[in-house]
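The values are calculated or read from the model by the stated rules, or taken from the named source; none is laboratory data. Since the structure is predicted, the reported quantities are computational estimates derived from the model, not experimental observations. When we count neighbours, we look across all protein chains shown, and the Cβ atoms used for this are built from the backbone with ideal geometry, even at glycine.
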Amino acid sequence: MIGLSHYLILSAILFSIGLVGVIRRRNLLMLFFATEIMLNAANIAFAALSSYMHDLSGQMFAFFIIAVAASEVAVGLGLLILLYKKYGSLDLDDYTMLRG
Amino acid sequence: METFAFYFFAVLITALFLVTVLSQNILYAMTSLAAGMVLISGLFFLLGADFLGVVQLIVYVGAVMALYAFAMMFFDATGSIKERHSHPALVFLLGGLSAVLMVVIFAAPQIGQHVEALYPAAAGANNPQAVGLVLFTKYLVPFEVAAVMLLVAMIAGIILAGKKMERSLSKINDSELEQNGGKDEQ
């Protein structure tokens, strides 16, 4: 039988995968992917809590998270396009302008 | 049956997202991310959140991943990318530590027994009906604010990505193009 803790632990595992991606990645597009993974992990936790507590608030928060993620992608990709036009690359190491 | 479905989805999602995080190819990363999103909607259906599962399919797989695909064409990122990793062991140590922290945080509602339903699901309504009942009564103001936020994001995306788009290439006649020569290449 699958309990609430199964879903919460799965969500924690997925969140830490996304976190490792955010720490490890140097490419900005890959950083965006890792952010999406983290948002989805939070969504799973919300949906599981909402289902096991018989409360719809969790699903509402998941909807708003999806809306936030969609707007984040729209604005973020616009900024990425501007950065790519300016520097010709998406690598974070190419954006270092201060050198000591 | 439910147990089998849960473990099936969980293992596949974890593997696909690991591919997303560890792969050196943006195309592989994006494809596995999209597949993982589809399987996550399967988890939502398993939890009885039908409407959330459908929204996940439409918005994430349909809209967000399509947007990423277009961006990938724009960035010409089909080859593998090179990244400089300075401290790989430190990264996994930090990730593991935060994973333990996350398990504790997410398991906290299990340990605390004082969690109770604020808005219980309406009896006798199936999931989309119950979602509509709650969304348009208790969460009406956040819903409208989210609509305004999406509008702002749309305008911001158009403004940011669409600079110099008023110069349509198809409207320039040939003599003008030959005059300018290679100047517009950048």
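Of everything in the range B:120-144 that's surrounded by fewer than 17 Cβ atoms within 10 Å (Cβ to Cβ) and facing chain A (nearest Cβ under 9 Å), which residue is modelled with the lowest pLDDT?
B:Ala122
So B:Val61 ticks every box in (1) more than 20 Å from A:Arg24 (Cα to Cα); (2) facing chain A (nearest Cβ under 7 Å); (3) among the β-branched types (Val, Ile, Thr) but one. Which box is left unticked?
(2)
For the range A:47-67, how many residues meet the condition of being surrounded by fewer than 22 Cβ atoms within 10 Å (Cβ to Cβ), within 16 Å of the chain's Cα centre (by Cα) and without any contact (Cβ under 8 Å) to a residue 12 or more places away in the chain?
Of the residues in the range A:47-67, 2 are surrounded by fewer than 22 Cβ atoms within 10 Å (Cβ to Cβ), within 16 Å of the chain's Cα centre (by Cα) and without any contact (Cβ under 8 Å) to a residue 12 or more places away in the chain.
How many residues are of a type in the set (S, T, N, Q), more than 16 Å from the chain's Cα centre (by Cα) and surrounded by 15 or more Cβ atoms within 10 Å (Cβ to Cβ) if we restrict to the range B:1-24?
Total satisfying the criteria: 1.
When you check A:Gly78 against the structure, is it over 19 Å from B:Phe6 (Cβ atoms) and in contact (Cβ under 8 Å) with a residue 12 or more places away in the chain, yes or no?
No.
Can you find even one residue in the range A:82-99 that is facing chain B (nearest Cβ under 7 Å), in a helix (DSSP H, G or I) and among the hydrophobic types (A, V, I, L, M, F, W, C)?
Yes, there is a match, as at least one residue in the range A:82-99 is facing chain B (nearest Cβ under 7 Å), in a helix (DSSP H, G or I) and among the hydrophobic types (A, V, I, L, M, F, W, C).
Here is a yes/no grid of residues against (1) charged (D, E, K, R); (2) more than 17 Å from the chain's Cα centre (by Cα); (3) buried (at least 18 other Cβ atoms within 10 Å of the Cβ):
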residue: B:Ile26; (1), (2), (3): no, no, yes
residue: B:Ala29; (1), (2), (3): no, no, yes
residue: B:Ser32; (1), (2), (3): no, no, yes
residue: B:Ala49; (1), (2), (3): no, yes, yes
residue: B:Val54; (1), (2), (3): no, no, no
residue: B:Leu57; (1), (2), (3): no, no, no
residue: B:Tyr68; (1), (2), (3): no, no, yes
residue: B:Ser80; (1), (2), (3): no, yes, no
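Just give me the residues in the range B:38-77 being more than 16 Å from A:Gln59 (Cβ to Cβ) and either touching a Leu at 6+ places or on another chain (Cβ under 8 Å) or aromatic (Phe, Trp, Tyr) (or both), in sequence order.
B:Val38, B:Leu39, B:Met65, B:Leu67, B:Tyr68, B:Phe70, B:Ala71, B:Met72, B:Phe74, B:Phe75, B:Ala77
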